[in-house]
Amino acid sequence: MIIAAASDFAGSTGDPELSLRALAEAGFSSLHWCHHWCDDFHYGRHEIAYIRSLLKKYNLRMLDIHGSQGVEKLWYSPIEYRRREGVDLVANRVRMLRELDGTGTIMMHIPTYRIDLPAEERPAVTQLFEALCRSIDDLMPLLDSTDTLIAVENMWRDTWETTEALMERYPANRIGICYDSGHANANCNKRIESLARNKGRLEALHLHDNNGEGDQHQPPFYGTVDWQRLAGIIATSSYSREISFEMSMGNTPFMQEGVEVRDQPYENRLAFARDAFERCKRFGEMVEAARPTA
């Protein structure tokens, strides 16, 4: 069974080699690249060449890349120069995906309306959404020429209004859904029905668990995500690639006390990855069991 995992389970900056080595040794064979998902970092040709060498060394395949919305370079900024720099940041990840022979999508955060958003704050989110649409329009020639799809991620306490609006506006081969099970598990897992309603546009997965009260990014079966229900939805959806997980060591027993996540020793990373792989494999088997028979 082919299972993918995020590259940044032990931190999203610095040299990724120890984490990639641990994932490969534990049994993962594909990557969801998640380093620098939340900053303004542009990957240059030497950095991409280094990543390519690690993929070859550990026999890993690139699946998706988690694009960065940026900090100053924000692709849905209402400030025009910042928005245009944000577009360049997304374009950098699109080119990186192609240079690394990625088989999946660019996964992106978008502005959302929260289920608890006061009415007076909605216009500000609408302004961000309008800026986002301008950015997608700017990126469309590159997406077309590289045949790349952007999968937009559901966020914490998200109503899914902006996701559904984007799917109405843009074609299915350019805009799809990246389903984040941890984000959806807020508010007692009620948002899983939003995925069920839109499963025909599912194109990427950020699977992880939590207790419904925090974004803990735990491996499956730690928390309260309804994994059985989710398996049935994925099995009957448009999603056809590796089952992919976005996990962190941070809220698991494998952390060495008093040591930051990014400084965890290799032995701890490997122990986490081995345990996570078995949990992920169990969920993958649930998805396969739920697939319709011919």
Taking the stated definitions as given, is Leu117 in a loop (DSSP other than H, G, I, E, B), over 20 Å from the mean Cα position of the chain (by Cα) and not hydroxyl-bearing (Ser, Thr, Tyr)? yes
Filtered residues of region 214-262 (kept if in contact with a strand residue (DSSP E or B) (Cβ under 7 Å, 6 or more places away or on another chain), aromatic (Phe, Trp, Tyr) and over 19 Å from Lys199 (Cβ atoms)): Phe221, Tyr222
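For region 181-294, list the helices (runs of 4 or more DSSP H) that sit wholly inside it and hold at least 1 residues that are more than 24 Å from Ala24 (Cβ to Cβ) and touching a Gly at 6+ places or on another chain (Cβ under 8 Å); which are they?
Details: elements: 181-184, 192-197, 227-235, 266-290.
Those helices (runs of 4 or more DSSP H) span 266-290.
Conditions (1) modelled with pLDDT of 95 or more; (2) crowded, with 23+ Cβ neighbours inside 10 Å, marked per residue:
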| site | (1), (2) |
| --- | --- |
| Arg229 | yes, no |
| Phe245 | yes, yes |
| Glu260 | no, no |
| Asp263 | no, no |
| Arg274 | yes, no |
| Glu278 | yes, no |
| Arg282 | yes, no |
| Met286 | yes, no |
From the list Leu18, Leu60, Leu23, pick out the single residue that is in contact with a Phe, Trp or Tyr (Cβ under 9 Å, 6 or more places away or on another chain), among the hydrophobic types (A, V, I, L, M, F, W, C) and surrounded by fewer than 20 Cβ atoms within 10 Å (Cβ to Cβ). Leu18
Yes or no: region 71-87 includes at least one residue that is surrounded by 15 or more Cβ atoms within 10 Å (Cβ to Cβ), of a type in the set (Asp, Glu) and over 21 Å from the mean Cα position of the chain (by Cα). yes
Considering only residues that are in contact with an Asp or Glu (Cβ under 8 Å, 6 or more places away or on another chain), more than 17 Å from Arg114 (Cβ to Cβ) and touching a residue at least 60 places away in the same chain (Cβ under 8 Å), which ones fall in region 176-204? Gly176, Cys178, Ala204
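Select from region 26-56 the residues that are assigned to a loop (DSSP other than H, G, I, E, B) and aromatic (Phe, Trp, Tyr) and write down the one among them that is surrounded by the fewest Cβ atoms within 10 Å (Cβ to Cβ).
Narrowing region 26-56 to residues assigned to a loop (DSSP other than H, G, I, E, B): 27-29, 34-44.
Of the ones still in play, those that are also aromatic (Phe, Trp, Tyr) are 28, 37, 41, 43.
On the way: Phe28: 27, Trp37: 22, Phe41: 18, Tyr43: 20.
Restricting to residues being assigned to a loop (DSSP other than H, G, I, E, B) and aromatic (Phe, Trp, Tyr), the top hit is Phe41.
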Within region 90-101, is even one residue within 20 Å of Thr146 (Cβ to Cβ), touching a strand residue (DSSP E or B) at 6+ places or on another chain (Cβ under 7 Å) and in a loop (DSSP other than H, G, I, E, B)? yes
Report every pair of residues separated by at least 6 positions or lying on different chains whose Cβ atoms are under 9 Å apart, first residue within region 43-59 and at positive phi, second assigned to a helix (DSSP H, G or I) and modelled with pLDDT of 95 or more. Asn59/Ala24
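The values are calculated or read from the model by the stated rules, or taken from the named source; none is laboratory data. Predicted model only: the values in this text are computed from it and were never measured. Don't worry about glycine lacking a Cβ; one is built from the backbone with ideal geometry, like all the others, and counts go over all protein chains shown.
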